[in-house]
Amino acid sequence: MGYLVSEIVNSLGATLLAGADIGDLKIERILIDSRSLVQPEGTLFAAIKTPKNDGHKYIAELYQRGVRIFLVDKSYTSVGEWKDAVFIIVDDTLEALQKLATWHRSHFKIPILAITGSNGKTIVKEWLYQLLSADKLIVRSPRSYNSQVGVPLSVWQMDDTHQLGIFEAGISQPGEMEKLEAIIKPTVGLLTNIGEAHGLNFADMSQKVKEKLKLFKDVKTLIYCKDYDVIDEAIRSSPVFSKTNLFTWSRNGKADIEIKEIRSVKEGVQILAEHKAENIHVTIPFTDEASIENAIQCMAYMVFEGYKSDVIIARIAKLQPVAMRMEMIEGMNNCSIISDVYNSDVNSLSVALDFLNQQKQHDKKTLILSDIVQSGSNEKELYARVAEIIKARKPTRLIGIGETISRFAGLFDIEKHFFNSTDEFLIHLPDIAFHNETILVKGARSFEFERISRLLQQKAHETVLQINLNALIHNLNYFRSRLKPGTRIMAMVKAFSYGSGSFEIANILQYHKTDYLAVAYADEGVQLRNSGISLPIMVMNPEPGSFDTMVRYQLEPEVYSFRVLDMVAEAVKRSGSTEPVPIHIKLDTGMHRLGFGEAELEKLSSLLSTHPQLKVQSVFSHLSASDADQHKEFTLFQISRFKEWSNKIIKKLNYPVMQHILNSAGIVRFPDAHFDMVRLGIGLYGVGAGTEEQKKLENVSTLKTTISQINKLKKGETVGYNRRGVLEHDAVIATVAIGYADGLGRELGNGKGKMWIKGKPVPIVGDVCMDMCMIDITGINVAEGDEVVIFDNIPSLIEMAKGMNTIPYEVLTGLSGRVKRIYVHE
């Protein structure tokens, strides 16, 4: 399905500037992220402006890649530069995108379910898809596309084949929901709950409820839980819903569906419900409270839609976990494994392949793909589309698993292998070579692809550091939003990216347009180059024996003394390079660690002019106390001194040179000192300079382990080395798989440190051992193999650091290499 350019121009009331005859030129796809381009022909790039970025910056790049249709705002002045391009000019591109989606929605009369609430939107949407897709072809929001941009893109997916739409909508401030309601135009609404998420911009809970309810102003039926008093009161007191069919459920009283009992059973949890005197007893394979509530919401919708109780019971019993994220794990034979093993549909396949293409550590990329679970589609058309998506993303090899995908093997023009089942593939796994490649394992839950993922992983012990790449991106964009226009970002990835990994972090930073990377030593930079990282890389501690390597791998050394300057110059001469090699001049403005002093500036400037084979890329310095209020005057003194000294050097050079002095803590505190670039370090990983900044950042790292053994001990018995852990009561003691060789400080032993099980704090008992330690789990119902959290947020990381008499930097960088890193990405 597509629309003529002329139709879209008319629908938007836009101005058209076309460098070619638009004739029957059609728009089929909308693109807002230049990195996700698949098929240029028929693609409209909407240049959206946000506080963090401006899509207009990427028009030239996209034009070179074949895109010819652009939605731009009237402030864009380069429309005349591209002779055969088509520009649709509007006042505001985001508003135009929303208006375009609204116009597209008006072409369809199918039922639309809209879901909003503070929690559970995506899970309820995905579970309803699992429950209903056997009967109808459903269009739904990809993953959690529920924002002012995500909703228009979701609705744009609708076409003539769909029989039901399920879209989620989220807001973060008043005035947003009206726009989303106009786009979705739901016929049925479902409100999950109201909590504290995104609560900062609302006066109180009542205002938040009223804002969310604006999504449902014209629905015929509204489904919700009566037990949330603020929701029930807002709905029943509003004249907007006086004629709306309210379909309710409750655990506490009268409702259309009354929950009589919830009890634990072997299979999970059984929910005993009653509707119009009919019992509906469903069992779900989950036990947590959120899953119970989400399952009841799904049951309520199915009851409202008239599904028979036996169908509801049978389908809900088969609900599968929803993959909210992909995991990237180190694999065997120097492979990287991307595990996305709980769903397989066209939209999520595109997202997963885009993430695969972000990974540059290996040239070879393999896709292991199950049958696509998408009821209602013509199979040949479906797999032709899958083949088109795969061809556009260009993985090296395809391994298809499933009878259906195997029947259409001829559609895939790629190195390929096909198997009818997961079991068949596992039998032949030893015959398939996996070496030095990135492997995307992408399958529907019924194919049990977690078995494949487990076998491909490198063996490691059960302590893992989970790195949330979405949180890292959030923190990058937060600091980016605080910078003056044009200011570049150098991201610090030294010391194994503060313990978080090397190429995994560098890949995501490169993908999100970071300008520079910085490492401590040349070998770190070499590893990044060998992993496909092409960004400029500064080496902060160049060693005498590494200069030839730096020149060979295009690494840019920090120069802090005349000795280092001479060694770099000699290395460049030996290399025979015909191009000047970039260097970075370090000034000592008060840190007194490394750098040129004021008395050396004149000599330095003269020497630099005699080394044409060297190019000064930047002049920089290091603040010694940028996060300390009591040293603010000294920080300002350092900044002033840096400005004066660096300008003296730059005046002697006849080309532009960057200046930078701010670290993470200084970016917000000293906005007048952004200069040309800032160096983003610990802030990128979620540790802020002060309480207010900490609220704006997201935690990146979670350290977890498992219980190896549980023992019941008597009062007076001792635990661990030197018998220091003397029990003051009868206790249940768990041994967990983490010790000081993993980075857990011995200072945390004997009750000074704690861990968390099921959200409850438990003290460390006795001395911390090399490979394990013991915790007191008395009164908590746990079993061997259960998860134990060492830290999962910044407060708990800071608390652990205090217990070790150190700072979060040392905790993160001190985590052993044997601790398995798992990277998660939504």
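Quick notes on this one:
- Filter result (part of a loop (DSSP other than H, G, I, E, B) and under 19 Å from the mean Cα position of the chain (by Cα)) within the stretch 119-146: Asn119, Gly120, Ser141, Pro142, Arg143, Ser144, Tyr145, Asn146
- Residues satisfying the stated conditions in the stretch 115-158, i.e. among the hydrophobic types (A, V, I, L, M, F, W, C) and closer than 27 Å to Lys49 by Cβ: Val149, Val151, Leu153, Val155, Trp156, Met158
- A single entry from Ile452, Ile427 fulfils the requirement of being modelled with pLDDT of 90 or more, crowded, with 23+ Cβ neighbours inside 10 Å, within 30 Å of Leu319 (Cβ to Cβ) and not small (Gly, Ala, Ser): Ile452.
- Tabulated pairs, the stretch 222-244, first among the hydroxyl-bearing types (Ser, Thr, Tyr), second modelled with pLDDT of 95 or more and open to solvent by 70 Å² or more (accessible area, probe 1.4 Å), C-beta under 8 angstrom, 6+ apart or interchain: Thr244/Lys220
- Search result, residues across the stretch 199-256 that are polar (S, T, N, Q), under 36 Å from the mean Cα position of the chain (by Cα) and open to solvent by 70 Å² or more (accessible area, probe 1.4 Å): Asn201
- Asn654 vs. criteria open to solvent by 10 Å² or more (accessible area, probe 1.4 Å), under 15 Å from Lys586 (Cα atoms) and either modelled with pLDDT of 95 or more or more than 31 Å from the chain's Cα centre (by Cα) (or both): no
- Residue selected from the stretch 386-424 under the condition within 25 Å of Pro40 (Cβ to Cβ), out of contact with any strand residue (DSSP E or B) (no Cβ under 7 Å at 6 or more places or on another chain) and among the hydrophobic types (A, V, I, L, M, F, W, C), by the criterion surrounded by the fewest Cβ atoms within 10 Å (Cβ to Cβ): Ala392
- Residues located in the stretch 502-535, provided they are open to solvent by less than 10 Å² (accessible area, probe 1.4 Å), in contact (Cβ under 8 Å) with a residue 60 or more places away in the chain and not in a loop (DSSP other than H, G, I, E, B): Asn507, Ile508, Tyr516, Ala518
- Residue count for the stretch 547-562, restricted to those that are of a type in the set (Ser, Thr, Tyr) and under 11 Å from Ile583 (Cα atoms): 1
- Once the stretch 303-338 is narrowed to residues that are of a type in the set (Ser, Thr, Tyr) and out of contact with any Leu (no Cβ under 9 Å at 6 or more places or on another chain), the residue that is farthest from Leu367 (Cα to Cα) is Ser309.
- Residue within the stretch 147-159 that is of a type in the set (S, T, N, Q), open to solvent by less than 20 Å² (accessible area, probe 1.4 Å) and assigned to a helix (DSSP H, G or I) present: yes
- Residue in the stretch 486-493 that is under 30 Å from Leu744 (Cβ atoms), modelled with pLDDT under 90 and not hydrophobic (A, V, I, L, M, F, W, C) present: no
- Per-region count, the stretch 97-123, residues open to solvent by less than 10 Å² (accessible area, probe 1.4 Å), touching an Asp or Glu at 6+ places or on another chain (Cβ under 8 Å) and not hydroxyl-bearing (Ser, Thr, Tyr): 2
- Every residue from the stretch 536-558 that is over 22 Å from Arg488 (Cα atoms), part of a loop (DSSP other than H, G, I, E, B) and of a type outside the set (Phe, Trp, Tyr): Pro542, Glu543
- Residues in the stretch 34-81 that are polar (S, T, N, Q), open to solvent by 30 Å² or more (accessible area, probe 1.4 Å) and at pLDDT 90 or above: Gln64 only.
- Filter result for Ala203 (without any contact (Cβ under 8 Å) to a residue 12 or more places away in the chain, assigned to a loop (DSSP other than H, G, I, E, B) and among the small types (Gly, Ala, Ser)): yes
- Residue within the stretch 571-583 that is under 37 Å from the mean Cα position of the chain (by Cα) and crowded, with 21+ Cβ neighbours inside 10 Å present: yes
- Checked against (1) free of Cβ contacts under 8 Å to residues at least 12 places away in the same chain; (2) touching a Gly at 6+ places or on another chain (Cβ under 9 Å), Ile284 meets all criteria but (1).
- Just one of (1) open to solvent by less than 10 Å² (accessible area, probe 1.4 Å); (2) assigned to a helix (DSSP H, G or I); (3) under 30 Å from Gly268 (Cα atoms) fails for Leu353. It is (3).
- Verdict on Asn663 being within 23 Å of Asp515 (Cα to Cα) and in contact (Cβ under 8 Å) with a residue 24 or more places away in the chain: yes
- Residues considered: Gly688, Gly666, Gly683. Of these, the only one that is assigned to a loop (DSSP other than H, G, I, E, B) and not polar (S, T, N, Q) is Gly688.
- Listed by position, the strands (runs of 3 or more DSSP E) enclosed by the stretch 711-810 that each have at least 2 residues that are free of Cβ contacts under 8 Å to residues at least 60 places away in the same chain and either surrounded by fewer than 14 Cβ atoms within 10 Å (Cβ to Cβ) or polar (S, T, N, Q) (or both) are 760-765.
- The single condition among (1) touching a strand residue (DSSP E or B) at 6+ places or on another chain (Cβ under 6 Å); (2) under 20 Å from Pro795 (Cβ atoms); (3) crowded, with 19+ Cβ neighbours inside 10 Å that Tyr685 does not satisfy is (1).
- For the residues Leu594, Leu587, the requirement of being within 15 Å of Ser646 (Cα to Cα), under 37 Å from the mean Cα position of the chain (by Cα) and open to solvent by less than 60 Å² (accessible area, probe 1.4 Å) singles out Leu587.
- Residue match in the stretch 619-633 (condition: within 18 Å of Arg563 (Cβ to Cβ) and open to solvent by 50 Å² or more (accessible area, probe 1.4 Å)): no
- Hits in the stretch 40-71 (condition: assigned to a helix (DSSP H, G or I) and small (Gly, Ala, Ser)): Gly55, Ala60
- Test: Phe247 is in contact with a helix residue (DSSP H, G or I) (Cβ under 6 Å, 6 or more places away or on another chain) and assigned to a strand (DSSP E or B): yes
- Residues in the stretch 691-709 that are more than 20 Å from Ile822 (Cβ to Cβ) and either in a helix (DSSP H, G or I) or out of contact with any Ser or Thr (no Cβ under 8 Å at 6 or more places or on another chain) (or both): Thr691, Glu692, Glu693, Gln694, Lys695, Lys696, Leu697.
The values are calculated or read from the model by the stated rules, or taken from the named source; none is laboratory data. None of these values were measured; they are calculated from a predicted model. Note that we place each Cβ from the backbone using ideal geometry, even for glycine, and neighbour counts take in every protein chain shown. With ligands, DNA and RNA removed, areas are computed over all heavy atoms of the protein, side chains included. Shrake-Rupley method; radii C 1.70, N 1.55, O 1.52, S 1.80 Å.
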